[in-house]
Amino acid sequence: MQTKVEELSRVKEIGFMGKVTASLSHEIKNTLAIINESVGLMGDLLRQDTPENWPQYSRLTELTASIEEQVQRNADIIKRLNQFAHSMDKSVVDLDLNETVRQTVVLAQRFATLRRVNLETQLHSTPLHLQGDPFRLLYVIFGFIERAINCSPREAEVTVKTARSGEMFQVTVTDHGTVGADDIEALVAASFSAEAEHGESDLAVLAQTMKALGGTIAVEEGAGGPSKVILSFPASMPTI
Amino acid sequence: MAEYRVLLVDDEEEFVSALSERLMLRGIEVDSALNGEEALARMEEKEFEVVILDVMMPGLSGLEVLRQIKSTHPNTQVILLTGHGATREGMEGMRLGAFDYLIKPVDIEEMLEKMKEAAKTAHTD
């Protein structure tokens, strides 16, 4: 089990990574702004003085438009990077679980696309306010989404759902795993056992993180359908 | 004659140069400064209806420049340039009296619209 000092070190190390990442993303934004204005000026000058029958006119116009689109695409990516970096600022914040899941799914989208898996969300109709470690939450939810993506066949749909169940808040990830529900349940139970506290498998580390967050993992096998991994979190997670 | 005068303040020289030229092509009278001290000195020499002000600059920060502008030139409207929306700096800037903020990279049409609105308010003070 991690000592308080080890836990504090971990928090500081992650905070350092987040701070530097946020700073770098800010620098990238500045260079994007320069590119944006420079290509915008190229477009302005082309439209102002260039005769439209100049052979290169339409090709240059297309190219400036294409650069502007890529600038905007980059700006969106950097926004996500910055949000991710700021998740490492503090180990306890007030957050909305719906927003955390939304952010996690955006981060996981490229992984899903590469595996040709459709990633969908079904978010609770009202905000799910809780207090906890935003980075750890992202990590653990991402971990189970990634597992579901990697276990699913092409064109399968992985759904991430949020819900409230009594005093607990739930994130349910559909799992098309080749490992059946009983086996996942056994793995999870083993991961939560005292012997497995120092386990190094991905699932063991995720289970340990869930435990540190005061949460639990359950698995349901759908009748004739995919299995569901249900992550339950308390409204106020333990702090170090 | 331009409807209003704009001071553009950002430490990135190429950004200032390209954006200034784009605004001038659209008939806007633009002056520029590469840091907070230079910006405040320019404002002593000339009246500006609108200041476009980068939040994160070395030396005198954008927020400190904003504070000083609102103290010495209360009729001038300030539009902040920020890398990310709803940041601590952006929100603090609005609290200090900024007219609005824009997120880099900026959309020039959006910037023109906000400047026009800001200039209207500056004239009526």
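Could you tally the net charge around A:LYS161, taking each other residue with its Cβ under 14 Å from the Cβ of A:LYS161, Lys/Arg +1 and Asp/Glu -1?
That works out to -1.
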Check your understanding: Counting only other chains, what is the mean number of Cβ atoms within 10 angstrom of the Cβ of each residue in peptide A:81-88?
Key -> 1
Practice item. Using a 10 Å cut-off on Cβ to Cβ distances, tally the other chain neighbours for every residue of A:226-234 and report the average as a whole number. Key: 0
Study note, to complete from the structure: Plugging the Cβ-Cβ distance of B:GLU110 and A:GLU6 into 1/(1 + (r/R0)^6) at R0 = 45 Å yields, to the nearest 0.05, a FRET efficiency of 0.40
Revision key, fill the gap. Here, A:GLU69 and A:LYS19, labelled 7 Å along Cα→Cβ, have an inter-label distance in nm of 4.1 nm
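Cα convex hull of chain A: mean projected area in nm², to one decimal? Let's see the in-between values first.
On the way: hull surface 67.7 nm².
Dividing the Cα hull surface by four gives the mean projection, 16.9 nm².
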Review point. Which order, highest average first, do A:154-166, A:90-102 follow once you tally other Cβ atoms within 10 Å for each residue and take the mean per peptide?
Key: A:90-102, A:154-166
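For the protein assembly as shown, what proportion of DSSP beta bridges, expressed in % and rounded to the nearest 5, is antiparallel?
Numbers: 24 of 48 bridges.
Antiparallel bridges: around 50 percent, rounded to the nearest 5.
Taking loop as defined by DSSP and a crowding limit of 14 other beta carbons within 10 Å, which GluC sites (Glu not before Pro) in the range B:35-120 fit?
Numbers: sites: B:GLU37, B:GLU38, B:GLU44, B:GLU45, B:GLU47, B:GLU49, B:GLU64, B:GLU89, B:GLU92, B:GLU109, B:GLU110, B:GLU113, B:GLU117; in loops: B:GLU47, B:GLU49.
For GluC sites (Glu not before Pro) across the range B:35-120 that sit outside H, G, I, E and B with at most 14 neighbouring Cβ atoms in 10 Å, the list reads B:GLU47.
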Practice item. Post the alpha-carbon centroid distance, the range A:42-91 to the range B:2-51, in whole angstrom. Key: 23 Å
Study note, to complete from the structure: Quick calc: nm separation of the 7 Å Cα→Cβ label points for A:SER236 and A:LYS90 -> 1.5 nm
Point to revise | Average beta-carbon neighbours from other chains, 10 Å sphere, peptide B:101-111 | key: 4
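Which percentage, to the nearest 5, of the DSSP beta bridges contained in the range A:56-167 is antiparallel?
Details: 4 of 9 bridges.
Of the beta bridges lying entirely in the range A:56-167, close to 45 percent run antiparallel.
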Exercise for review: Let me have the 222 nm mean residue ellipticity of the protein assembly as shown computed from DSSP H runs of 4+ only, each contributing -39500 (n - 2.57), with the sum over all residues rounded to the nearest 500.
Suggested key: -18000 deg cm²/dmol
Practice item. Please turn the phi angles of the range A:161-170 into ³J(HN,Hα) values with the Karplus equation 6.51 cos²θ - 1.76 cosθ + 1.60 (θ = phi - 60°), one per residue in order, whole Hz, x for glycine and proline. Key: 10, 10, 7, 10, 9, x, 8, 9, 10, 10
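Taking 0.36 nm per residue of separation and subtracting the Cα-Cα distance, what length does fully extending A:ASP49 through A:ARG110 add?
Numbers: separation 61, 0.36 × 61 = 21.96 nm, distance 4.20 nm.
Gain on stretching A:ASP49 to A:ARG110: 17.8 nm.
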Review point. Using alpha carbon coordinates only, what is the Rg to Rh ratio of the range B:16-119, with Rh defined as the Kirkwood radius?
Key: 0.92
Check your understanding: Can you give the longest stretch of chain B with no exposed loop site, where a site means trypsin sites (Lys or Arg not before Pro) in a DSSP loop (not H, G, I, E or B) with at most 15 other C-beta atoms within 10 Å?
Key -> B:47-125
**Study point:** Charge-dipole axis of chain A as Lys and Arg at +1 and Asp and Glu at -1 on Cβ define it, positive-most pick from A:THR31, A:GLY166, A:THR21
**Key:** A:THR31
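Taken together, the values in this text are just the output of simple stated rules run on the coordinates, not laboratory data. Only a predicted model underlies this, so the values are computations on that prediction, with no experimental measurement involved. Positions of Cβ are generated from backbone atoms using ideal geometry, with glycine treated the same way; all protein chains shown enter the neighbour counts.
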